[in-house]
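Working notes, beginning with the structure itself.
Read-outs: derived from the displayed coordinates by stated rules, not from any lab. What you see is a predicted model, and the numbers here were worked out from it, not measured in a lab. Every residue, glycine as well, gets a Cβ built from its backbone with ideal geometry; the counts of neighbours run over all protein chains shown.
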Amino acid sequence: MAASRVSARSGFVRRPARRAAGAMAVIILLAVAIFGLSWMRNLIAPALVLTDIVAGAAPSPLKALTAAPRRVEMRFSGNGEPLDGDLYLPGRGRPRAGVVLVPGVVPLGHRDPRLAAFAQTLARAGFAVLAPSLPAYRLRQVQPGDVARISAAFRHLVDHPDWAPQGRAGMVAFSYAVGFAVLAALDPAIREQVRFVVGIGGYYDLNEVLTYATTGHYRVDGRWRQRTPDPYGQWVFLESARPHLRDARDRWLLGEMARRKLENLDADLAPLARELGPEGRSIYRLLTNPDPAAVPARLAALPVAVRGVLDALTLHDKDLTALRARLILLAGEDDPLIPYTQSLALARAVPAGQA
């Protein structure tokens, strides 16, 4: 204890900070020294990108080595409608490749600060990054029309050779948007041009994802495992289903349920549930069911239009052999929204070596 007090009074407690600063300086100088050598750059660039992601807004070697990216608000046409997005370009030099960056289902969508920070990291690494606006995200909804919007954003990207030199372009997507990106990459209009899809925490079978979201159960090697899911997934499904209900009263009641739960997870929904009609009741019974064995029957009882949305967006019944893009899939074993087994299933669904 005495030694510790002496060290503190002597100023030695500042040594770790000085050492950290010195180590950062060495890393920066080393990177500067070798960044001009292409083969060494290929070795160090991934590490620089990863450290910048971890750093967030804080200083990092990548920020020290590169100019601040430029952000340009875009408007382009796709499938007969005007589309918006943000384009991030390297602060100096031309892009070496292009990427369409698709967020998960968050209200701020392409303007979410986390996505914007990630886009800037990619731009510093030499990518032209187009983050399209998906209006349904602001309502916490996933809708099949967003697949066509992602495809249109990719067409707009590759139509500009300065953004995607020699056609080098792909997609990066998060969570539920991974399935959207894969479906967009299957679009015959762009299928041959999409070189890669990076999917972070994505899905393969939406029926299994809903089983996890509602009961916490998922299968590993055919056996049930259970963990506590993030209830956000349930309310994204509810919000996505609401526009497809015929009964306006059910639409309002389910929306009110979602609003109350998002404000307070302990909110009592029983009084609202008693007022639901048949369509709304089928959705509520799915969301409140704790038994994974009962999920298939609850899914089959959903309104036809809601089943149509799930059928359009799931991947497990699509012909993925037509996919040309290479899949690079990342997932966490503790993901509370989509179990990691979904990424494993998606990897197995494409030809060997493609994922």
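Residue-wise HN-Hα couplings along the stretch 338-355, as the Karplus relation 6.51 cos²θ - 1.76 cosθ + 1.60 with θ = phi - 60° gives them from phi, are 9, x, 4, 4, 5, 5, 4, 5, 5, 4, 6, 7, 9, x, 3, x, 8, 10 Hz; Gly and Pro carry x. Ranked for footprinting exposure by Cβ neighbours inside 10 Å, fewest first, 190, 338, 53 give 53, 190, 338. Of all segments of the chain bounded by GluC sites (Glu not before Pro) found in a DSSP loop with no more than 13 other C-beta atoms within 10 Å, the longest spans 1-191.
Relative intensity of the chain on a log10 scale, I(q)/I(0) at q = 0.10, 0.13, 0.14 Å⁻¹, equals -0.70, -1.04, -1.16, per a Debye sum over C-alpha point scatterers of equal strength in the absence of solvent. So how far, in whole Å, is the C-alpha centre of the stretch 260-286 from the one of the stretch 55-127? Measuring centre to centre over Cα atoms gives 38 Å.
Distant-in-sequence amide contacts of residue 169, defined by a placed amide H-H separation under 5 Å and a gap of 5 or more residues or a different chain, comprise 98, 195.
To the nearest whole percent, what portion of all C-alpha pairs in the stretch 207-313 is separated by more than 19 angstrom? Provide the component values of the computation, followed by the final result.
Values: 2380 of 5671 pairs.
In whole percent, the share of Cα-Cα pairs in the stretch 207-313 beyond 19 Å is 42.
Contact order, relative form, for the chain: 15 percent (alpha carbon pairs under 8 Å, 6 or more residues apart, mean separation divided by residue count).
Remark on residue 327: its backbone amide H falls under 5 Å from those of 197, 355, a criterion applied only to residues 5 or more positions apart or on other chains, H modelled at 1.01 Å from N.
Note that the stretch 201-211 has calculated 3J(HN,Hα) couplings of x, x, 10, 10, 10, 5, 5, 6, 5, 5, 4 Hz, one per residue in order, obtained from phi through the Karplus relation 6.51 cos²θ - 1.76 cosθ + 1.60 (θ = phi - 60°); glycine and proline are x. Shape descriptor for the stretch 48-174: Rg over Rh equals 0.97 (Cα atoms; Rh from the Kirkwood inverse mean 1/r).
Helices in the chain, meaning DSSP H runs of at least 4 residues, each add -39500 (n - 2.57). Divided by all residues, the mean residue ellipticity at 222 nm is -13500 deg cm²/dmol.
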